[in-house]
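All of the numbers you see were taken from the coordinates with simple rules; none came from a lab. As the structure is a computational prediction, the values presented were derived from the model and not from experiment. Cβ: placed from backbone, ideal geometry, glycine included. Neighbour counts: every protein chain shown.
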Amino acid sequence: MIFFKKKGAVHREDGSTTHRPKEDKFDTGLKRSRNRFREGLLSLVGKEIKIDHDFMDEIEAFLYQSDFGPRITESLLQKIEESSRKSPVTNYEHIQDIIRDAFRDHFAGNDAKIPVGNHHPFVLLVAGVNGSGKTTTLGKLAYAYAQQGKKSLIIAGDTYRAAAVEQLETWAQRAGASFIKNPGAKNPSGIIYDGIQKGIRDQSDLILIDTAGRLHNKAHLMEELSKIIRVIQKLIPDAPHENLLVLDGTVGQNGLIQAREFGKILPISGLVVTKLDGTAKGGVLAAIHEEMGVPVKFVGLGEKIDDLLPFDADLYVDSLFGNRD
Ligand SMILES: Nc1nc2c(ncn2[C@@H]2O[C@H](COP(=O)(O)OP(=O)(O)OP(=O)(O)O)[C@@H](O)[C@H]2O)c(=O)[nH]1
Ligand SMILES: [Mg+2]
């Protein structure tokens, strides 16, 4: 699927536009994760490596620091140990190959596609804790779909914060998407019902629903999320067709807890991991995917409108190693 044009446009303040390939975005976006990841390994370049206790401790420490979590760390260590039985002395390239292959296997089943053509309108909902990047992600998605010639309607389902509605409206304008809000609403049900009706009436290709941030341990807010789904299903019984859980990549392993709790309420079909441009904890992406068995669909690599990319395991792994330097 070509989701974004092959080259990502970078709009400058002086009005000029240059293009940055997707590879570069992953690479610069994951700079901090990469630096952390390579810190431990780089000192080994060009040396003979003896796979002993000290070496394994070192590898273990930096895998933890990158937030790969216990299970992935254990499985990587195991793979390195297995290989050391065959050849106890090795080199950097070999260790790198082991880790790289392990990640490729890990993400082999990760399908980042969203088959928006399968339903008309296709209903997509974003959920997550406060500030995880839901509204921004929705705006970026509307823009990306507009680039593909799709007509989107955005529903302002966050009825708690007036500022949230304004923020979303600005994104809708930038993306050229339709927008529906009810500033006086006390809860999201009414506006979501009206929005779905409008989307059907206007023959929108996509209906994109923003929801308020909610802490996963606040039972009434989680119940409200269930209600939102029921309201949508009154009009389109098999919707939402995509439930994206938006996780802030900088929170590391805490994302796992959020994913578990939201998963109890919402049939999560995909994950969006945001703010990977500002963290050294990029490994959490692998840990969450492992735990949840849910595909990572998008990654947020900045605050600009085109800073959302479909997740690409090869680019992710390449960017961690920084082989494009
Ligand atoms: N650097 C960076 N910042 C991001 C990214 N995604 C979102 N942000 C920023 O994170 C902050 C919160 O984003 P929002 O989209 O408002 O988050 P939200 O989940 O809608 O927040 P609530 O509605 O309050 O729960 C904003 O300042 C965004 O610009 C990203 O991928 N990278
Ligand atoms: Mg929001």
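Placing unit charges on the Cβ atoms only, positive for Lys and Arg and negative for Asp and Glu, gives the chain a dipole magnitude near 1140 debye about its Cα centre. Taking amide H as placed 1.01 Å from N in the peptide plane, the amide H of Arg214 sits under 5 Å from that of Gly128, Val129, Asn130, each at least 5 places away or on another chain. Projecting the Cα atoms of Ile200, Gly249, Asn187 onto the dipole axis of the stretch 182-259, where Lys and Arg carry +1 and Asp and Glu carry -1 at the beta carbon, places Asn187 farthest toward the positive end.
To the nearest 500 deg cm²/dmol, what mean residue ellipticity at 222 nm is calculated for the chain from DSSP H runs of n ≥ 4 alone, each contributing -39,500 (n - 2.57), summed and divided by the residues? -15000 deg cm²/dmol, from helical runs alone.
Rounded to whole numbers, the Karplus 3J(HN,Hα) couplings from phi for the stretch 294-304 are 10, x, 7, 9, 9, 10, x, 10, x, 9, 7 Hz, using 6.51 cos²θ - 1.76 cosθ + 1.60 with θ = phi - 60°, and x at Gly and Pro.
Rounding to the nearest 20 debye, state how big the charge dipole of the stretch 123-255 is about its Cα centre with +1 on each Lys and Arg Cβ and -1 on each Asp and Glu Cβ. Intermediate values should be presented prior to the final figure.
Working: 15 positive and 12 negative charges, 29 e Å.
Dipole about the Cα centre, nearest 20: 140 debye.
Please tell me which of these pairs span more than 32 angstrom C-alpha to C-alpha: Lys186/Lys234; Lys47/Lys297; Lys151/Lys234? Violating the 32 Å Cα-Cα cut-off are Lys47/Lys297.
Taking 30 Å as the cut-off for C-alpha to C-alpha distance, list the pairs among Lys25/Lys150; Lys31/Lys113; Lys86/Lys113 that go past it. Beyond 30 Å: Lys86/Lys113. Taking Pro121, Pro237, Pro310 as the candidate residues, the one with maximal mean-square fluctuation in a Gaussian network model of the chain, Cα springs under 10 Å, is Pro237. Seen from Ile155, the other residues with C-beta closer than 13 Å to its C-beta sum to a net charge of -2, counting Lys and Arg as +1 and Asp and Glu as -1. Between the C-alpha center of the stretch 276-311 and that of the stretch 187-209 there is a gap of 28 Å.
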